[in-house]
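**Q** There's a structure below that I have some questions on.
The values are calculated or read from the model by the stated rules, or taken from the named source; none is laboratory data. Everything quoted here is computed from the prediction, not taken from an experiment. Note that each Cβ is placed from the backbone with ideal geometry, even for glycine, and that neighbours are counted across all protein chains shown. Side chains are part of the model used for accessible areas, which takes the heavy atoms of the whole protein and leaves out ligands, DNA and RNA. Shrake-Rupley method; radii C 1.70, N 1.55, O 1.52, S 1.80 Å.
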Amino acid sequence: MDKKEAEKEIARLTALIEEHNYKYYALSQPAISDYEFDKLLEKLIQLEKEHPDLVKPNSPTQRVGGFVSKEFKQVKHKYPMLSLANTYSEEELNDFDERVRKVVGDDLEYCCELKYDGLSISLIYKNGDLQQAITRGDGTQGDDITVNARTIRSIPLKLHGQGFPEEFEMRGEVYLPLKIFDKINKEREDAGDEPFANPRNCASGTLKMQDSAEVARRKLDSTLYYILGENLPYQEHYESLEHARKWGFKISEYTELVKDMKGVHNFIAKWEKKRHDLPFDIDGIVIKVNSFKQQQMLGLTAKSPRWAVAFKYQAERASTSLNSVSFQVGRTGIVTPVANLHPVLLAGTVVKRASLYNADSIKKLDIRVGDTVWVEKGGEIIPKVTEVDLSKRKPHSVPVEFPANCPECQTPLIRREGEAGYVCPNEMNCPPQIKGKIEHFVARRAMNIESMGSETIDLLFKANLVHTIADLYDLTVEQIIPLERMAEKSATNIIAGIDESKKVPFERVLFALGIRHIGETSAKKLAYHFKNMDALEKATTEQLLNVADVGEIVAKSIQEFFSNAHNKKIVEKLREKGLNFALNSEELALFSNALEGKTFVISGVFAKHSRDEMVNMIEKNGGKHVGSISAKTSYIIAGENMGPAKADKAKKLNIPLITEDEFVKMIENK
Ligand code: IVH
């Protein structure tokens, strides 16, 4: 294909992909399967690889991310980002309505919207192209997070159709759908890391992450609710949003126009009931005067518009009594207090247990058995105790004491430096820790021993057949048959599953070991870097810190794990049993030491490889990739649009710039 044809084909594919993106996100009417969509995208990627000079910054191929920025540029908002006045009662809302009517009269419509619980964002479009995405910041200036916003699939990079203003801002909310939030937290818990408190915190952390490829993996979503600019083509808010949907924005499908406060109150009542069925969190509703002219008449205060108001739902809560507090021990030994409650109906489900977080929160609540407590349900699945009703406290009650010893094995608990929780240090003999480690080991994303669930593990442990993950490989069918609910068939299945797990690749074996702070991704990075267990076991702190994403804490955790005699024994036994302790030859063929000892910074946009691919290439060939330039940087791989600040710094520190092709040659000469 010559260049002219390629250009045409790229334009055709880009338009087609955008069309399908639009149907999927703006209209919620996908016209092709995910597979077909991916095929189109692959075709475009291929063509762009062949014709690097034809890649545009807003090409759909740029959504995978791969930009690593040290810090975000601060930019001033053209129009300040205001917030909304909050109301909590019908009376306060009626006051708002009265104030509005005094100014604009009774010929009035209100637009009722859901109040999404995420982070506000401002998107700037020029001639239909996304130019810049800015966080709210302090309302006057925010962070330029354009590279991260591009990874959010529901944010159009190029507008669709016609009729949009030449230049305007779309404001809205970036949020994390509940399903994805649960998945992310599950992964964190698998790695022994603290989960996010709620979807909003997770979305906020994600949007400000420095590695946009990681942002892309987190799958944020967006909803837009406010258009701003000069000479807007429509006279009303609702109508503008309906058109914005046609331009490709994701606009809430739950918005309603109403004539009066009766309509507003109905809307509030409806969502008060149904809000827990939504696939995302809301914390209230927003009422806006629909006519732009009337909005102008009402004007703004320094903080918020006079033409809009938020009504916040009371967090759904219920009061009940505390029967007892139990202390649960997890896989990593962390002891979590759990409130056992008199069953109570909350947001449609019966709640019997609620989280109390840790020793500090117990102290802060001053909670006592027999107390009447308030339980709340937020974005998280497990409800939490938020308050004690002191007016109902019984005489002679005594504060709940955090136990000094492990409730399961009686070992004295310890508190690790810098961490809030108490930990049972008896890793080797504390039953829930033993069982938890085995559960983690057999999990689908680890050794994938499907034939074994937590009940089986419990049986095997109680029968004294397994004490460590390595013991699984000693089991025989004969040992299992006599156990409760077992028969020859189930026993054979279990053993077959265990045998099959010996084929699981090295990176997953590493994850399965359950080393603290090592999740799926870091296990992979470590496996690719060290290539076998021996090298990892012997790695010095310095060598460990050379792996991308490995910091002091992770490095220390790895060294502690391998220097522990008990773990050493387990690892040796697993080696003898024939688990994969090294990458296989196919995987190895992709590796070299060509870049050993060299540190790279990647900057700009590249023609032939995505940023992710380049990072992968650096790591597989023994190099180190870092996000920012320092005196230790060996090379900067410079692509198109390299930032001027980076170029300056490189010059100052005398660090050579190389092109993508030169970089590839370094590896090819391996
Ligand atoms: S309108 C000038 N509409 O709530 C008014 N805000 O304190 C612009 N929010 O910062 C905001 N859903 O982050 C508006 N449907 C909605 C909203 C909404 C959520 C957030 C937004 C804003 C905050 C108000």
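**Q** Check LEU241, LEU220 and return the single one that is more than 30 Å from VAL350 (Cα to Cα) and within 11 Å of the ligand (Cβ to nearest atom). Show your work before the answer.
**A** Values: LEU220 fails: within 11 Å of the ligand (Cβ to nearest atom).
Answer to the check: LEU241.
**Q** Within region 196-228, can you find the residues that are touching a Gly at 6+ places or on another chain (Cβ under 9 Å) and not in a helix (DSSP H, G or I)?
**A** Residues satisfying the conditions are PHE196, ALA197, ASN198, GLN210, ASP211, LEU220, ASP221, SER222, THR223, LEU224, TYR225, TYR226.
Residue-by-condition table, conditions (1) closer than 29 Å to TYR175 by Cβ; (2) of a type in the set (Gly, Ala, Ser); (3) more than 34 Å from the chain's Cα centre (by Cα):
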position: ALA244; (1), (2), (3): yes, yes, no
position: GLY248; (1), (2), (3): yes, yes, no
position: LEU278; (1), (2), (3): yes, no, no
position: ILE282; (1), (2), (3): yes, no, no
position: GLN314; (1), (2), (3): yes, no, no
position: VAL335; (1), (2), (3): no, no, no
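**Q** Please specify each residue of region 274-333 satisfying the condition of being more than 16 Å from the ligand (Cβ to nearest atom) and among the basic types (Lys, Arg).
**A** LYS274, LYS293, ARG317, ARG331, listed by residue number.
**Q** Every residue in region 250-273 that is more than 13 Å from the ligand (Cβ to nearest atom) and in a loop (DSSP other than H, G, I, E, B), please.
**A** Correct list: LYS259, ASP260.
**Q** I'd like to check which helices (runs of 4 or more DSSP H) are fully inside region 1-107 and have at least 2 residues that are of a type in the set (Gly, Ala, Ser).
**A** Because the criterion is at least 2 residues that are of a type in the set (Gly, Ala, Ser), the helices (runs of 4 or more DSSP H) in region 1-107 that meet it are 3-25.
**Q** Still on this structure, I have one more. Please specify each residue of region 409-439 satisfying the condition of being in contact with a Phe, Trp or Tyr (Cβ under 9 Å, 6 or more places away or on another chain) and buried (at least 18 other Cβ atoms within 10 Å of the Cβ).
**A** LEU413, GLY421, TYR422, ILE434, LYS435, ILE438 - these are the residues of region 409-439 that are in contact with a Phe, Trp or Tyr (Cβ under 9 Å, 6 or more places away or on another chain) and buried (at least 18 other Cβ atoms within 10 Å of the Cβ).
**Q** Right, something else. Looking at region 106-126, can you tell me whether even one residue there is over 27 Å from VAL258 (Cα atoms) and surrounded by fewer than 20 Cβ atoms within 10 Å (Cβ to Cβ)?
**A** Yes, some residue in region 106-126 is over 27 Å from VAL258 (Cα atoms) and surrounded by fewer than 20 Cβ atoms within 10 Å (Cβ to Cβ).
**Q** Return the total of residues in region 41-62 being open to solvent by 30 Å² or more (accessible area, probe 1.4 Å) and either aromatic (Phe, Trp, Tyr) or under 14 Å from ALA15 (Cβ atoms) (or both).
**A** Count: 2.
**Q** Something else about it: Given the conditions (1) open to solvent by less than 40 Å² (accessible area, probe 1.4 Å); (2) over 21 Å from GLU71 (Cα atoms), report the number of the one that GLY597 does not fulfil.
**A** GLY597 satisfies all of (1) open to solvent by less than 40 Å² (accessible area, probe 1.4 Å); (2) over 21 Å from GLU71 (Cα atoms) except (1).
**Q** A further question follows. Within region 194-217, can you find the residues that are away from the ligand (no atom under 15 Å from the Cβ), open to solvent by 30 Å² or more (accessible area, probe 1.4 Å) and not polar (S, T, N, Q)?
**A** Once the filter is applied, which keeps residues that are away from the ligand (no atom under 15 Å from the Cβ), open to solvent by 30 Å² or more (accessible area, probe 1.4 Å) and not polar (S, T, N, Q), region 194-217 yields GLU194, PRO195, PHE196, ALA197, GLY205, LYS208, MET209, ASP211, GLU214, ARG217.
**Q** Still on this structure, please answer the following. Just to be sure I understand the filter: pairs with C-beta atoms under 6 Å, separated by 6 or more residues or on different chains, first member in region 465-482 and in a helix (DSSP H, G or I), second member surrounded by fewer than 17 Cβ atoms within 10 Å (Cβ to Cβ) and among the charged types (D, E, K, R). Which pairs pass?
**A** Short answer, once both residue conditions are applied: ALA470/LYS573; TYR473/LYS577.
**Q** If GLU520 passes every condition in (1) surrounded by 15 or more Cβ atoms within 10 Å (Cβ to Cβ); (2) over 30 Å from GLU619 (Cα atoms) but one, which one does it miss?
**A** GLU520 satisfies all of (1) surrounded by 15 or more Cβ atoms within 10 Å (Cβ to Cβ); (2) over 30 Å from GLU619 (Cα atoms) except (2).
**Q** Read through the list (1) in contact (Cβ under 8 Å) with a residue 60 or more places away in the chain; (2) more than 22 Å from ARG63 (Cα to Cα); (3) open to solvent by 20 Å² or more (accessible area, probe 1.4 Å), then give the number of the only condition that GLU239 fails.
**A** Evaluating GLU239 over (1) in contact (Cβ under 8 Å) with a residue 60 or more places away in the chain; (2) more than 22 Å from ARG63 (Cα to Cα); (3) open to solvent by 20 Å² or more (accessible area, probe 1.4 Å) leaves (1) as the failure.
**Q** Scan region 127-142 for residues that are open to solvent by less than 30 Å² (accessible area, probe 1.4 Å) and within 16 Å of the ligand (Cβ to nearest atom) and jot them down. Don't jump to the end; show me each part of the working.
**A** Initial filter on region 127-142 (open to solvent by less than 30 Å² (accessible area, probe 1.4 Å)): 128, 130, 133-135, 139, 142.
Within region 127-142, ALA133, ILE134, THR135, GLY139, GLY142 qualify.
**Q** Continuing with this model, one more query. Kindly list, by first and then second residue, each pair from a residue in region 281-302 that is open to solvent by 60 Å² or more (accessible area, probe 1.4 Å) to a residue that is within 10 Å of the ligand (Cβ to nearest atom) and not acidic (Asp, Glu), limited to pairs with Cβ atoms under 8 Å and residues at least 6 apart or on different chains.
**A** Every condition considered, the pairs that remain are LEU300/LEU82.
**Q** Quick one: ILE184 ticks every box in (1) touching a residue at least 40 places away in the same chain (Cβ under 8 Å); (2) surrounded by fewer than 23 Cβ atoms within 10 Å (Cβ to Cβ); (3) β-branched (Val, Ile, Thr) bar one, so which box is it?
**A** (1)
**Q** Which pairs have Cβ atoms under 9 Å, sit 6 or more apart or on different chains, and link a residue in region 531-552 that is modelled with pLDDT under 90 to one that is hydrophobic (A, V, I, L, M, F, W, C) and in a strand (DSSP E or B)?
**A** As it stands, the answer is ALA548/VAL626, since those pairs meet every condition given.
**Q** Kindly check whether there is at least one residue in region 510-529 that is at pLDDT 95 or above and closer than 19 Å to LEU590 by Cβ.
**A** Looking through region 510-529, at least one residue is at pLDDT 95 or above and closer than 19 Å to LEU590 by Cβ.
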